[in-house]
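Each remark here refers to the structure printed beneath this line.
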Amino acid sequence: MTNNQNQPKEFDAVLGGEAPPPVQGAVLGGIEGVKQRLASFLIKARIDAVNDALKYGNVGLDLVIAALNDESSQVQRSAYLLLRERTELQVQQAIKAYKSWRLPERLEWYSEDRVRKFANKRVEDFDPAIGIIDPSRIAYAVRCHQISSDEWEDVEVLREKLNTLTRHTNASKVEDLVIGRWDNVCYDISNSSVVVNALVEAKDKLKNLKAVFIGDMDFNDWPISTIKQSDISPLLKAYPHLEIIQIRGGDGLQFSQLQHDNLKAIIIECAGLNQKTIAQICALELPALQHLELWLGNNRYGRNSSIEDLMPIISGELFPTLSYLGLRNSEYSDEIARALVNVPTIKFLNILDLAMGTLSDEGAEALFNCSHVNKLDILNLNENFLSYEMIERLSQLDCQLIYRRHQKHSRGGRYCSIAE
């Protein structure tokens with residue numbers, strides 16, 4: 001019996017309305033219907049087509065492989081999840097080439113110095129005398145500088161540097177921007193609203209901005225626990241094509257409820273993340289989010305969260321395209337590990353990052369015994385409290401284990417890395 005892939009099946013739609021379909025009726029089902037929906041401008045239609053394609057043998061399989069390169073990360077993710085468990089050589093080659101997560105710098109060890117790399121580009125301070133010369137390779141940084149042993153440039157100097165940058169002829173080509181120290185008064189620093197407002201005003205000049213880091217200060221500039229942030233949502237609203245937002249400092253950090261269709265990464269580095277901020281992140285509608293990295297921190301510096309506050313994220317219901325989950329710098333890493341192995345989220349992650357925390361052999365045992373951990377691409381447990389025996393066992397997993405630095409118990413117990 002022949003199997004004609006172009007013939008409509010039981011539930012395929014047929015243009016024409018008669019039953020049986022007319023000879024001249026255009027078939028909207030079958031493999032041609034899948035191809036037609038894959039060409040749709042509607043993301044949902046393309047996702048549905050990807051999910052249907054495997055019904056049609058090798059031709060459908062080829063279409064799913066091709067969808068790994070769709071312009072929508074949601075479509076890519078749908079194709080990836082369908083292909084991940086398959087063993088065909090061409091599928092394994094496609095999966096190996098597929099990169100759903102493109103921020104390898106986040107797996108490098110945290111330094112208290114200013115960043116040298118952001119959004120996979122080298123960071124250079126913006127020099128008005130030189131201007132914008134290579135925005136495709138450079139993430140430009142704007143910051144106040146120290147001008148004497150006890151004197152710093154003030155916020156008006158920062159505003160003028162930003163204005164000079166946005167007036168440059170190449171301002172519309174800038175994709176990545178780093179904002180460092182924005183005030184000169186030690187321990188009375190104004191919050192980041194001065195930066196957010198200035199960037200909102202510049203939205204028509206920075207038309208191609210894709211990534212922003214607010215708060216790139218080293219310990220000599222400002223201790224991380226004293227960096228004062230603000231409501232970041234006006235920035236997200238002003239830049240609908242923004243893909244990466246990175247924040248250092250959790251004091252005063254807020255996210256008003258909104259939807260952002262293109263944001264792929266949220267990174268929050270802090271010594272203590274408030275449960276209200278976590279709840280606000282959970283309320284965001286971010287259909288393209290791939291990378292969520294939260295530094296939970298120490299209760300002496302504003303951390304009042306618990307595993308219950310993280311469960312909406314850990315459950316996997318909020319961000320369906322998430323491929324990297326980083327719950328770092330935590331004082332309850334064991335609880336996080338035990339929760340993760342009992343929810344579906346871990347099935348869909350490429351990278352699980354619990355670095356800089358208080359993970360012990362107990363939490364690591366739960367990870368080791370979870371079959372889905374073995375299917376991760378990377379498990380980052382750098383700087384935790386694991387025994388050498390446990391590290392050796394974890395090294396036998398098929399996924400790449402990162403564990404280069406070892407925490408030592410202090411007299412007071414276990415502490416996360418950034419607790420000042």
- Task: Can you give me the number of residues within segment 200-211 that are free of Cβ contacts under 8 Å to residues at least 40 places away in the same chain and out of contact with any Ser or Thr (no Cβ under 8 Å at 6 or more places or on another chain)?
- Result: 5
- Would you check which residues across segment 271-292 are in contact with a Phe, Trp or Tyr (Cβ under 7 Å, 6 or more places away or on another chain), within 19 Å of V212 (Cβ to Cβ) and touching a residue at least 60 places away in the same chain (Cβ under 8 Å) and list them? Q290, H291
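I'd like the residue in segment 151-183 that is hydroxyl-bearing (S, T, Y) and over 19 Å from H241 (Cβ atoms) and, out of all such residues, is most open to solvent (accessible area, probe 1.4 Å). Break it down stepwise before answering.
Quick first cut of segment 151-183, residues hydroxyl-bearing (S, T, Y) only: 164, 166, 169, 172.
Narrowing the set further to residues that are over 19 Å from H241 (Cβ atoms) leaves 164, 169.
On the way: T164: 37, T169: 120 Å².
This residue is T169.
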- Task: Scan the strands (runs of 3 or more DSSP E) fully inside segment 319-384 and keep the ones with 3 or more residues being in contact (Cβ under 8 Å) with a residue 60 or more places away in the chain and surrounded by 21 or more Cβ atoms within 10 Å (Cβ to Cβ).
- Result: 324-330
- Item | Residue selected from segment 208-235 under the condition aromatic (F, W, Y) and over 14 Å from N191 (Cβ atoms), by the criterion least open to solvent (accessible area, probe 1.4 Å) | F213
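Checking the conditions here, which among E317, E335 is touching a helix residue (DSSP H, G or I) at 6+ places or on another chain (Cβ under 6 Å) and more than 22 Å from F213 (Cα to Cα)? Quick ask: steps written out before the conclusion?
Numbers: E317 fails: touching a helix residue (DSSP H, G or I) at 6+ places or on another chain (Cβ under 6 Å).
Exactly one residue qualifies, and that residue is E335.
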- Message: Of all residues being more than 16 Å from the chain's Cα centre (by Cα) and polar (S, T, N, Q) in segment 260-281, which is most open to solvent (accessible area, probe 1.4 Å)? Just the residue, please.
- Response: Q275
- Looking only at segment 285-294, decide whether some residue is open to solvent by 10 Å² or more (accessible area, probe 1.4 Å) and in contact with a helix residue (DSSP H, G or I) (Cβ under 8 Å, 6 or more places away or on another chain). yes
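The values are calculated or read from the model by the stated rules, or taken from the named source; none is laboratory data. Just so it is clear, the structure is predicted and the values come from calculations on it, not from any experiment. In this analysis, Cβ positions are derived from the backbone assuming ideal geometry, glycine residues included, and neighbour counts consider all displayed protein chains. Accessible surface areas use protein heavy atoms only, side chains included; no ligands, DNA or RNA. Shrake-Rupley method; radii C 1.70, N 1.55, O 1.52, S 1.80 Å.
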